[in-house]
Amino acid sequence: MMSRPLIELRGLSKRYGVGDGVVLALEHVSLNIERGEFVAIMGPSGSGKSTLMNILGCLDRPTEGTYRLDGEDVGSLDKAQLALLRNRRLGFVFQSYNLLGRTSALHNVMLPMLYDRQRPRTPEARLALAGTMLDLVGLTARGHHQPHELSGGQQQRVAIARALVNDPSLILADEPTGNLDSRSGEEIMALLHGLHAAGRTIVMVTHEAALASRADRVLTMHDGRVQADVANGASVEKTIAGAAA
Amino acid sequence: MIPREFLRTAWESIRKNKLRSFLTMLGIIIGTASVIVMVAISAGTEAAIEEQITGLGSNLVFVTASFSRGGPGEGMSSGGLVYDDAAALHEGIRGVEGVIVEQGASASLRAGSVSLDEVEILGTTPAFPTVRDVNLQSGRFLLEAEVQRKAKVAVLGAGLAEELFGESDPIGQTVTAGTTKLTVVGVTAPKGSVGGTDFDSRLYTPITVVFQKFTPAQFSRIVGDRVRAITIAVAEDQDLNETILQIKLLLSKRHEVSLEALDFTVTTQDDIINTRESTTAAFRSLLSWVAGVSLIVGGIGIMNIMLVSVTERTREIGIRQAVGASPSDIRWQFLTESLLLSLVGGAVGVVAGVGGAWLFGVFSEMPTVVVPESIILAFASAAAVGGFFGFYPANRAARLDPIEALRHE
């Protein structure tokens, strides 16, 4: 028995501009991502991988095509519903961490809970859960530190704790190690692999082939199209046509 | 997001920019405080005027000469009040408690070694204490016989008596006004200043004496001579309009003029109160405009700072949107901040306004009364200003595109 894939993209296109100045950022992308997959997206800049991430993250809408997340057609949702969807089902990890400045690690981790209208929690419960998440990423003692008092690697751990706190279906990591030295980067990758091992679905954009090679599956983007969709290890290579079927 | 979190976030943001928040609030503080102070001043002035006018004595009717009929050639002979009109009014109108005629002058005063310049001399008639609501501290007031025979007697205001005679008893002493020697027969009880008139520093003497000694020659005859005004005290239970009509009928018959062409006008205290009140109402509306404008200026300050804040915090807005803040969450976050700024500013302004009104009352001639409604009005206006001027920046923040916002440096 096959359950529905977590992500279904069908004929997804994104155009910017009008008339002769139209730029095709994405062209007829169709693919599925199953629950529990760790997918790496590679490609040169301008290949459309950021646009794809933004659409997957419900921060942007496609010009054409459909995007189903958990079976729900995202295209039919308004801004408030998209916000709720980001809040409940998505966790973002950015290259530049994007923590709130002058705000403690604990409060940063609590942020998504504050916007979770469907599961209102008491301040104590929020604090406790945020503490648990910081434990999970190994920052137990740093809860009251502000971002500028933390190293890059520590900030990214806080960001991961924040991404996890509302128990999302999908974690979107946009070059999570891009600003880190190799050792901190390695620690962050270990953390992400740990989450994957625990059953999380992760989509990660990266420039580094070495990092991509450790994912289950590597999508290579070029000129707005998925040029290659390769499964690592024992998995068989899938074709674009296969995903579209 | 829940209201308490909006408040906490807004408070954090205000606290993180203390100086800027204070400067932003300053406009609202000044606006709120000025509403309260302005209202306190106009209410104080109004109360003072009302006190003064009721202090003039109760139920007064003023008959004033006006030279309405006759061309320039006929001049003053064609109209005006005469001294005998006063007596006729007293006898001919029901419910009249007293009628006085007043004629002011000024002269230098001397008593023993003390001499004063430019003292107000008021020539009047015996009913003065009744009509003007003045009590006597010692001695008695002027008598009708003294008016008739132009007796050189004087009643001193309380303050004047003390200036001239100090601790010693002025009754029976002599005061020289100009070149006229007057014998003091009484001293009035202190009354203070009422309606711009200082009752305590005046000298009262029979009106006939003023005509004879202190006014130019054309006023020197007594009987049948012209007076400027007659003041009539009417009993409380009388219908004032009825009394006024009787006065008009009686005087028009005496002056042989028709009711349509009276050579005098009749006014009441109510007319005076109304005139003064319309003046203070104009004053008050001017003040409220000034206060309103300063609140609006304060509001523009809030809008300005909130716009700067939205721009500065674009990335923060992007982060909040990414983790699930809806447009209305963002809108409320900034609206809460501008409301909080204006409410805190309003609260500080209320304290400053109440304090300012009090200081103003202490250090200036103008009395102030803090009106509780003005506090509510000022505070509510501050809140309204915060909401109104905060809405545009908040809406702008809410409409930001998450991707653009996240890219913002």
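Derivation of every value follows stated rules applied to the coordinates shown; laboratory data play no part. The structure presented is a predicted model; accordingly, all values stated were derived computationally and were not measured. Quick reminder, even Gly has a Cβ in these numbers, built from the backbone with ideal geometry, and neighbours come from all protein chains shown.
Here are some notes:
- Computed per residue of chain B from DSSP H runs no shorter than four, each worth -39500 (n - 2.57), the mean residue ellipticity at 222 nm is -18000 deg cm²/dmol.
- Restricting the calculation to alpha carbons of the stretch B:102-217 gives Rg and Dmax of 12.6, 38 angstrom.
- Summarising the amide proton neighbourhood of residue B:188: residues at separation of 5 or more, or on other chains, whose placed amide H is nearer than 5 Å comprise B:137, B:156, B:157, B:158.
- Counting only DSSP beta bridges whose two residues both lie in chain B, roughly 80 percent are antiparallel.
- Taking every DSSP bridge with both residues inside the stretch B:67-262, close to 75 percent are antiparallel.
- Trypsin sites (Lys or Arg not before Pro) restricted to DSSP loop in the stretch B:90-193 with at most 16 other C-beta within 10 Å: B:94, B:140, B:149
- Chain A: angle of helix A:123-136 to the longest principal axis, Cα-based, in degrees nearest 10: 70 degrees
- Stokes-Einstein D for the protein assembly as shown, Kirkwood Rh over Cα pairs, 10 °C, 1.306 mPa s (µm²/s): 48 µm²/s
- Fraction of alpha-carbon pairs over 27 Å apart in the stretch B:67-262 - percent: 35 percent
- Angle in degrees between helix B:372-398 and the longest Cα principal axis of chain B, rounded to the nearest 10: 30 degrees
- Helix A:105-114 axis versus longest C-alpha principal axis of chain A: approximately 60°, rounded to the nearest ten.
- Here the Kirkwood formula puts the hydrodynamic radius of chain A at 18.6 Å, using every distinct Cα pair.
- 10 Å Cβ neighbours from other chains, averaged over peptide B:326-337: 2
- Burial ranking of peptide ranges A:82-94, A:178-190, B:301-313 (average Cβ count within 10 Å, highest at the top): A:82-94, B:301-313, A:178-190
- Taken as Cα centroids, the stretch A:121-150 and the stretch B:336-409 sit 36 Å apart, rounded to the nearest whole angstrom.
- Helix-derived mean residue ellipticity, 222 nm - over chain A, DSSP H n ≥ 4, -39500 (n - 2.57), to 500: -9500 deg cm²/dmol
- By average C-beta atoms within 10 angstrom, highest first, the peptides B:230-243, A:116-129, B:18-31: B:18-31, B:230-243, A:116-129
- Relative intensity, log₁₀ I(q)/I(0), of the stretch B:299-363 from a Debye sum that treats every alpha carbon as a point, q = 0.14, 0.15, 0.18, 0.26 Å⁻¹: -0.56, -0.60, -0.73, -1.07
- For the protein assembly as shown, share of DSSP beta bridges that run antiparallel, in % to the nearest 5: 70 percent
- Binned Cα-Cα distance frequencies in chain B - 20 Å width, integer %: 22, 33, 22, 17, 7, 0
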